[in-house]
Amino acid sequence: MNMETGPGSLRPGSTRIALLVARFNSMITEQLLEGARRRLLARGLALDDIGVVYVPGAWDLPQAARRIANSKMYDAVIALGCVIRGETAHFDYVAGHASDGLGQVALTAGIPVVFGVLTTDNGEQAMLRANAYGMDRGGEFAQSALDMLSLYASHPEGPEGS
C-alpha cells in the first residue's frame with residue numbers, strides 16, 4: 001500500500017477508505033461527506049476506493065465503525081456526524097457515546113479510525129465548520145485518515161499488537 005499523502009500519490013485500488021455518515025443533521029453530514037470525498041479523490045483515491053455507509057445518527061457510528069473495521073474490507077474508517085447542543089442533556093449522552101465508542105474502536109481495530117463528529121452549540125457553527133468550500137472539516141478528517149495510514153505503514157505493530 002503506497003501511503004505518501006501528496007496530491008496524486010495514491011494509486012487507485014491500493015487503499016480503500018470507508019466513510020460512515022450519520023443521517024441525523026444530514027444538511028451538515030452531507031457537507032462533511034463532500035469535503036472528505038473531495039480530499040480523498042484529490043490525493044489519488046478512485047471513487048471505487050471510497051465506500052460510503054449511512055447510519056441513523058452519531059450514536060450509531062461506533063458500532064458501525066467496529067463492524068466495518070472488522071470486515072477487513074477497508075484500510076481506514078472515517079466516522080462523520082454532527083451533534084448540536086440543545087436544551088436537554090441529549091447532547092452530552094450522544095456526543096459522549098460517539099467519542100468514547102469511536103475511541104475504543106480506534107484503539108482495537110488495527111486500522112485508523114477517525115473521529116469526524118462535529119459537536120457544536122448551534123447549527124450555524126456546524127454549517128461553518130462543515131462547508132466543503134469553507135472550513136472543510138470533512139477534508140481535514142480525510143487528511144487525518146491519510147496521515148494515520150502513513151504512520152501505520154511506517155510504524156508496523158509488533159507481533160502481539162503492542
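Could you grab me the full set of residues in region 107-126 that are free of Cβ contacts under 8 Å to residues at least 40 places away in the same chain, hydrophobic (A, V, I, L, M, F, W, C) and surrounded by 17 or more Cβ atoms within 10 Å (Cβ to Cβ)?
Correct list: 114, 115.
Return the only residue of 132, 79, 65 being closer than 30 Å to residue 153 by Cα, surrounded by 14 or more Cβ atoms within 10 Å (Cβ to Cβ) and modelled with pLDDT under 95.
Being closer than 30 Å to residue 153 by Cα, surrounded by 14 or more Cβ atoms within 10 Å (Cβ to Cβ) and modelled with pLDDT under 95 holds for just one of 132, 79, 65, which is 132.
Looking only at residues in region 82-106 that are aliphatic (A, V, I, L, M) and over 19 Å from residue 53 (Cα atoms), which one is surrounded by the fewest Cβ atoms within 10 Å (Cβ to Cβ)? First the steps, then the outcome.
We begin by selecting, within region 82-106, every residue aliphatic (A, V, I, L, M); these are 83-84, 89, 94-95, 98, 102, 105-106.
Adding the requirement that they be over 19 Å from residue 53 (Cα atoms) leaves 84, 89, 94-95.
On the way: 84: 20, 89: 9, 94: 22, 95: 21.
Here the answer is 89.
In a helix (DSSP H, G or I), modelled with pLDDT of 95 or more and under 12 Å from residue 35 (Cβ atoms), is that true of residue 142?
Taking the combined requirement at face value, the residue satisfies it.
Considering only residues that are surrounded by fewer than 20 Cβ atoms within 10 Å (Cβ to Cβ) and in contact with a Ser or Thr (Cβ under 8 Å, 6 or more places away or on another chain), which ones fall in region 14-42?
23
Which number in (1) surrounded by fewer than 22 Cβ atoms within 10 Å (Cβ to Cβ); (2) of a type outside the set (Phe, Trp, Tyr); (3) modelled with pLDDT under 95 marks the one condition that residue 10 misses?
(1)
The values are calculated or read from the model by the stated rules, or taken from the named source; none is laboratory data. Note that the coordinates shown come from a computational prediction; the quantities given were computed from them, not determined experimentally. Virtual Cβ from ideal backbone geometry, glycine too; neighbours counted across all protein chains shown.
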